């Protein structure tokens, strides 16, 4: 690799791009301009969003963290807890204390949850391909589809119709032989736009760590020491392309075509408790993924018609090899899976007046899955057809109250599932002020994944679907504060939400007497908690600033039948879900220089359902700090950015998953050039 790493526009500079939807249309935000930033107050009293708890990641943060995976971005800047199996390894989401499969993930309107496992590995999604990131919390996800008992994460791309030609190249180098390269090219005019993004990431990932999974006992003193090990067999590489085409023949019609292709190859390190030979227990995973989506949007005077069709093809190979004397490396597992998904949507929304609107939508998806282990000969070949009908009625009353009623009906392989209703409201407490009381009540429903039903060995075809009944109440406040005393303006936005979700037939994988794991239904899980978010940004003289923070209190407890589940797990927090979590981000910018501090903290997590507080079954709290410093330069029409990042600033020792180490203090340097 040539020279080095990373770049990113400063938060205040890019805040000007924070408004608008993926197509640059929609409701315009109010903009109050100051010297270096635009203080943008978004509309938070919208009848189509009544009762919904939603959050988004600022486009500035997306650009600033383009070299990271989406798992890192979500854990640092949202209320979602990410369970990481190591740097560059499997990373899944726990949204509001729910399981990984309870978070629905959509890319440009098509669902990308793995039909086999029912979840998404966020370590395989680079932030570089994300332009918009919107989260719908809890029952708000029913606006997208059913099954999001925790919520939904929506990834989008947007078009800039003003672009004539743009070229951007970023290159980085970091600790553990980490190299990143990113190239984007865009061109077009007011009717046609093309955007191409290429990326490549590589890391040997061979960091050193204190291995607390192995203890050496001094026979004389009885003292315990832990060896310093290297994270071997942990390298990864990823490369991909995102191609976008947009066509606007007139102001009433827009067409788009997007293709995202990616290949990833990673070795999976052994658990830190492993004490066998170095040439055995070698794990490797290869992923090849292609997604295509095309849509047509027609805008009439009072309505909008949208037709969307997508295709997803995913190939995953996993192998486990052991050294056999005289033979060499012999596979103990060689699993191959192939998934084809066809995803289609037709929707129409109509504004009968400024006070009343309606929407109807139909989804028709088909999944075909083949999974085989060539060593054992086990596997399955299954398909699933999913059809979903959706209607919504939204009404505003006296400019103080919004009501949102949504109803969803699904059919799985021709069998009708229970109706899923949602009723939400917004109440403007003070006329003319953005102080909003909001709430909702909803039902949700999720069918088991194909792996849960048919995996060999262990699948359970007798599993019952998961059902949830949720309640939510919150208050949201927003204000643009006036300047004075050298200040040119500030935007304050904060929200507090309390929620409760009662879920029956929760699916969990447990060890069986047959010698392998299998899924079972828990009679009842109760997830409840508080969510708090706050954001303040603006300018103080020549210094622009932006601060944001979140806090989550999450109680997710097992209330399964004690006759089936031991009393030790009854009423206990589910494994790997922290009760307390939060993050804070502070960014300062002055005359092209910028500085960002990021802090994340998590309370203790238990690794067993009985919440045993032993060192083996308990993950201690940890506090993570990152620091970024950089400078923007400009020469004629060419801009440059140099940036230096320090991750894990105070060299914290921590684990996200038992026996899976995480790196200590590490560094990254990045350069960007933009035409």
### Task
Please specify each residue of region 335-356 satisfying the condition of being surrounded by fewer than 16 Cβ atoms within 10 Å (Cβ to Cβ) and over 24 Å from the mean Cα position of the chain (by Cα).
346, 350, 352, 353, 354, 355, 356
### Message
When you scan region 95-102, do you find a residue that is surrounded by fewer than 21 Cβ atoms within 10 Å (Cβ to Cβ) and either at pLDDT 95 or above or on the phi < 0 side of the Ramachandran plot (or both), even just one?
### Response
no
### Message
Tell me yes or no: at least one residue of region 121-138 is at pLDDT 95 or above, more than 20 Å from residue 241 (Cβ to Cβ) and in a loop (DSSP other than H, G, I, E, B).
### Response
no
### Task
Being at positive phi, at pLDDT 95 or above, surrounded by 15 or more Cβ atoms within 10 Å (Cβ to Cβ) and in contact with a helix residue (DSSP H, G or I) (Cβ under 6 Å, 6 or more places away or on another chain) narrows it down to one of 188, 147, 151, so name that one.
151
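Show me the strands (runs of 3 or more DSSP E) found entirely inside region 608-669 where at least 3 residues are at negative phi and surrounded by fewer than 19 Cβ atoms within 10 Å (Cβ to Cβ).
On the way: elements: 622-635, 638-647, 655-657.
Result: 622-635, 638-647.
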### Test for residue 577: is it within 23 Å of the chain's Cα centre (by Cα) and either within 25 Å of residue 621 (Cα to Cα) or assigned to a strand (DSSP E or B) (or both)
yes
### Message
Only one of 371, 383 is out of contact with any helix residue (DSSP H, G or I) (no Cβ under 7 Å at 6 or more places or on another chain), crowded, with 17+ Cβ neighbours inside 10 Å and part of a strand (DSSP E or B). Can you tell me which?
### Response
371
### Task
Hand me the list of strands (runs of 3 or more DSSP E) wholly inside region 202-312 holding 2 or more residues that are crowded, with 18+ Cβ neighbours inside 10 Å and touching a residue at least 12 places away in the same chain (Cβ under 8 Å).
236-250, 253-268, 282-299
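Taking the conditions exactly as written (in a loop (DSSP other than H, G, I, E, B) and either surrounded by fewer than 16 Cβ atoms within 10 Å (Cβ to Cβ) or at pLDDT 90 or above (or both)), does residue 563 satisfy them or not?
Yes; evaluated as a whole, the condition is true for this residue.
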### Query
Do you know which of the residues in region 591-606 that are touching a residue at least 40 places away in the same chain (Cβ under 8 Å) and either under 10 Å from residue 580 (Cα atoms) or not in a strand (DSSP E or B) (or both) is farthest from the chain's Cα centre (by Cα)?
591
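The values are calculated or read from the model by the stated rules, or taken from the named source; none is laboratory data. Everything numeric in this text was worked out from a predicted model, so none of it was measured. With ideal geometry, Cβ positions are generated from the backbone for all residues, glycine too; neighbour counts draw on all protein chains shown.
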